[in-house]
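First up is the structure itself, then whatever we jot down about it.
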Amino acid sequence: MTNAVQSDHDFEVQDIMINMGPQHPATHGVFRMVLAVDGEIVRDVIPHIGYMHRGGEKLSETMDFRQGIGFMDRTEYLAQFNAELSYVMAVEALMDIQVPERAQWIRMILCELNRLSSHFMFTGAFGTDSGVFGTAFTYAFRWREEIMDLFEEITGDRLMYAYFRPGGLAWEVTDNFAQRVKYVLDQCRQGIKDVDNLITNNEVFKARTQNVGIISAEDAIDWGTTGPVLRGSGVPFDVRRDEPYLFYDQVDFDVPVGQVGDVYDRWCVRIEEMRQSVRIVEQCMAKLQPGPIMPERMPRMLRTPPGEVYIRTEAPRGEYGIYMVSKGGNRPHRLKIRSACFTNLQALKDMSVGNYVADAVLILGSLDIVLGETDR
Amino acid sequence: MMTETLFGLPTGVDAAIRLLIVVGVMTVVVMALIYLERKVLARFQQRLGPTRTGPMGLLQSVADALKLISKEDIRPKNADPWVFELAPFLVFVPTFLGFVAVPFTIAWQVRELELGLLYVLAVSSVNILGWVMAGWGSDNRYAILGALRAVAQSISYELPLVLAMISVAMVANSLNLVEIVRQQATVPNIVWQPLPALLFFICLLAEMNRPPFDAPVGESEVVGGPYVEYSGIRWSMFFLGEYAAMFIMSLLGAAVFLGGGAWPLGEELGVGWQLALTVVKAGAIIFLMFWTRASFPRLRIDQMMSFSWKILLPASIAQILVTGGILVYNLPSGLEHTLLAVTSAIGVLFVYTAINRSVATPRPRPVVLVRRSEAAR
Amino acid sequence: MKGILRSLATTFSTFTRKPVTRQYPETHRELPERDRAFPVLLWDQEAHEPFCTGCHACERACPVECMTVLMKDNPAHKSVGGESSRRKIIDKFWIDYGRCMRCNICVEVCNFGAISMNNTWSGHEKSAYDRAELVQDLPMLLSVSRGGELKPWVNE
């Protein structure tokens, strides 16, 4: 990239290319970003993805509807229940299965707790990006441990749960589920308070993040961003509210929306979403009744009739969609994952150009990307 | 131990002994500080620090030193050899020199210098040259970028630091550190001059590239700053210098602002009590530095510069003018002190509001929308 | 500057809390009952043989094809003079722990309750220097259950 400078010497000014390679100090995954920099100001951003591509959509064509759930965990590996949920909802939509109420409520509780743990991870990673030496990160992981302990008691695994099944859940939750959830919620409230007090009102943090990486509402909609990126710019779109799935239309929650569309707004939107998630889980626990978790007559081998369906849910990063095409049989003919981070990354250039190099890392952090989902 | 030699030994031997004291104490203290920093920072993060090397992890610094010594000494091919090699020395030797004038108790320091305060401040700013040499000698464009940023930051924050100290020196009417300590026998200087104390602390963090002012050093976003081409023991010399500077400047701050060995009841209770007081006060300042490291994000370099030039420098100049204006009238001591305290407190309030205002004007938090009352699409 | 003071207060409050570090490997935390480490085969203590009959159900159901199963006629079956009611028994069984993704599907499809996930610490501490060491054969898979400490959790 060259900018010609008017002078009698025929100079040519070139931008320096700075490579932020696949290994980042702040663990966003294997993502490579090449910045074309003029002095300190970023002129162009060229992202390179694909380092984590595993051929997942093709792999899913070889796995039947129970085996494929394991792969969905591994795409969105920080918000696994939301990914599994989209998949099983797609199968249920194709086969027209009615999921029992108790399974739906438990699914909601687990998805919202997963949103909490994913947003805690975001606060940790973003705090590290902005320079807080380790405190935000250790706080985040310490509170995430509580949530992961609960998930381990229920599903058996700390990260790759594979717990949802088409029709409901794989097995019943533990007997002390109610007390454990209450305990975890208390811990999360303390955690949100800690993280909020540590970072949100800190003047240094505000100086770093306000008016940085602004994207206007029209641009955000044009690029197709969803999730906190879109809501930070002022567009009040939330799949849980506008196309309710599970029982989101029966619980009361607010959708936080920013005003300016900068990095600070996205941070505040996510912190507020954490509080709303706690609220949702409380209401769900109050409404949870004993009952079956799978429909009575479930076929042993799941065969979907021919058809196609697109199901979308509100993952912590945005709209996570599954487009499934079935031609009969017990495997999807084509599975396409509409990943939130992939679409949000397209807006990176728009947000970064004109800002300083030191801010480029913060802007990338505020998008909260997960490479498993971006590359599949 | 002031102007006589130790135990009446000849001056050469006496000088050698004092040199050994300086080197020995500093090395031990620096290793202890590295260990303490890791333990204290870990406690701020609700975890334990090093626990396995030696009992309670006490030998961690020794292990680090051994590891660094055993590393290969890499030198870039096109690096200017003299500049590259001498840069670490220029960073850490001046801090050892600063040790000479700092008073541990009212009677104990390596040498009592009449211009002690000026000497310490002057000598501690020589490390700026070390950074320039490190950056230039590394033959790496990112090193020179980082080095120039470090130098710009250092120079910008020297000014408020020195001006704050001048204000204290004006009140104490002397640059001799022992005099300044002695005059605080009843009340420490921080009571009369809170603004210079605040400025001193902030500029201290910036001088030593500590968070939140560690943009040149913590450039983990792009590169490692001026130290990027150094490895092994050379690299550790830079950090030795940083921790040594931390210790020396904390001692200086304890002596100048917190009363050193003299307050409270220093003269009456003897040398042991004074030593303990100095150590505790220096430790408090060091703890404060660890505390700020654990709590703040990093400032961007242009924000750092504007903070220094637009807020700290006017505050320090105003402090000097006001102090001079008060001192010129030779008021009775009680009234003078009260006026000083009041004006300085106003200065602190000014810095407080300036920091509040310098960030973008406060905005209401994100608007929350209640679900049902809004139209869906 | 209020926010700065609030940050300082928050870190100070964590300073006063007890550290949450657990000193592994001296102390191991207690694993929940449903903990899902790698699969192991179960030993029938009364019949002194594995439950597994080698029916290949888990091998077919595995998403990553990490198992190899060979069955044989049971030499301890009633028809040839023994006491067991299993006509076929497992002959050779290999699971590659390096491929296994611990999805629990093999446990779910097993008709004989012969395989379960190892919910003890030995299931987690499987570090090896060579990937070939992660392939477990039949005696290794049966060893945990034969030792008697395994309390498998198999959802009915």
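Structure notes:
- Peptide C:96-107 has a mean shielding of 3, counted as Cβ atoms of other protein chains within 10 Å of each residue's Cβ.
- Net charge of neighbours whose Cβ lies under 10 Å from the Cβ of A:MET301, counting Lys and Arg as +1 and Asp and Glu as -1: +2
- A:ASN201/C:LYS126 FRET efficiency (R0 30 Å; Cβ-Cβ; nearest 0.05): 0.05
- For region C:34-146, size of Cβ-based charge dipole, Lys and Arg +1, Asp and Glu -1, in debye: 200 debye
- Net dipole in debye of chain B [+1 Lys, Arg Cβ; -1 Asp, Glu Cβ; about Cα centre; nearest 20]: 1840 debye
- Centroid-to-centroid separation of region A:285-307 and region B:302-318 [C-alpha atoms, Å]: 66 Å
- Charging the Cβ of each Asp and Glu at -1 and of each Lys and Arg at +1, and nothing else, the dipole of chain A about its Cα centre rounds to 1380 debye.
- Tail weight of P(r) past 13 Å, computed on alpha-carbon pairs of region B:284-330, percent: 70 percent
- For chain B, the membrane-span-like helices by this rule, meaning whole DSSP H stretches whose C-alpha atoms cover at least 30 Å of axis and whose Kyte-Doolittle mean is 0.5 or above, are B:11-44, B:141-172, B:233-256, B:266-295, B:333-358; this says nothing about an actual membrane.
- Scattering profile of region C:23-94 at q = 0.11, 0.21, 0.22, 0.26 Å⁻¹ [log10 I(q)/I(0), Debye over alpha-carbon scatterers]: -0.42, -0.94, -0.98, -1.17
- Share of Cα-Cα pairs in region B:71-356 lying beyond 27 Å, as whole percent: 42 percent
- D_trans [Stokes-Einstein, Kirkwood Rh over alpha-carbon pairs] for region C:34-146, 37 °C, 0.692 mPa s, µm² s⁻¹: 227 µm²/s
- Convex hull volume per residue, computed on the Cα atoms of chain A, equals 139 Å³.
- Dipole of the protein assembly as shown computed with +1 at Lys/Arg Cβ and -1 at Asp/Glu Cβ about the Cα centre; of A:VAL229, B:ALA107, B:ALA185, farthest Cα towards the positive end is A:VAL229.
- From the largest down, region A:138-284 spans 48, 34, 27 angstrom on the principal axes of its Cα atoms.
- Label-to-label distance, nm, for residues given as B:VAL279 and C:TYR24 (7 Å Cα→Cβ offset): 3.9 nm
- The modelled label-to-label distance between A:ASP175 and C:GLU133, using points 7 Å beyond Cα along the C-beta direction, is 4.1 nm.
- Calculated diffusion of region A:197-262, Stokes-Einstein form, Kirkwood radius summed over Cα pairs, 25 °C and 0.890 mPa s, µm²/s: 183 µm²/s
- Residues B:ILE346, A:ILE154 in ascending order of nearby Cβ atoms (within 10 Å, fewest first): B:ILE346, A:ILE154.
- In nm, spacing of pseudo-spin labels at B:VAL187 and B:ASP73 (7 Å Cα→C-beta vector): 5.6 nm
- Averaged over A:275-286, number of beta-carbon atoms from partner chains that fall within 10 Å: 0
- Of A:THR62, A:THR138, the sequence from fewest to most neighbouring Cβ atoms within 10 angstrom is A:THR62, A:THR138.
- Taking the charge dipole of region C:34-146 about its Cα centre, with +1 at Lys and Arg Cβ atoms and -1 at Asp and Glu Cβ atoms, the residue from C:TRP43, C:ALA132, C:CYS106 reaching farthest to the positive side is C:CYS106.
- Pairwise Cα separations in region A:102-220 fall into 10 Å bins from 0 onward with the following percentages, short to long: 12, 37, 27, 18, 6.
- Residue (of B:VAL351, B:LEU117, B:MET208) at the positive-pole extreme of region B:71-356, dipole from beta-carbon charges: B:VAL351
- Taking every residue in C:12-19 and counting other chain Cβ atoms within 10 Å of its Cβ, the average works out to 6.
- Volume in Å³ per residue [convex hull over Cα atoms, computed for the protein assembly as shown]: 226 Å³
Taken together, the values in this text are just the output of simple stated rules run on the coordinates, not laboratory data. Just so you know, these numbers come straight off a predicted model, no measurement behind them. Neighbour counts run over all protein chains shown; Cβ positions are idealised from the backbone, glycine included.
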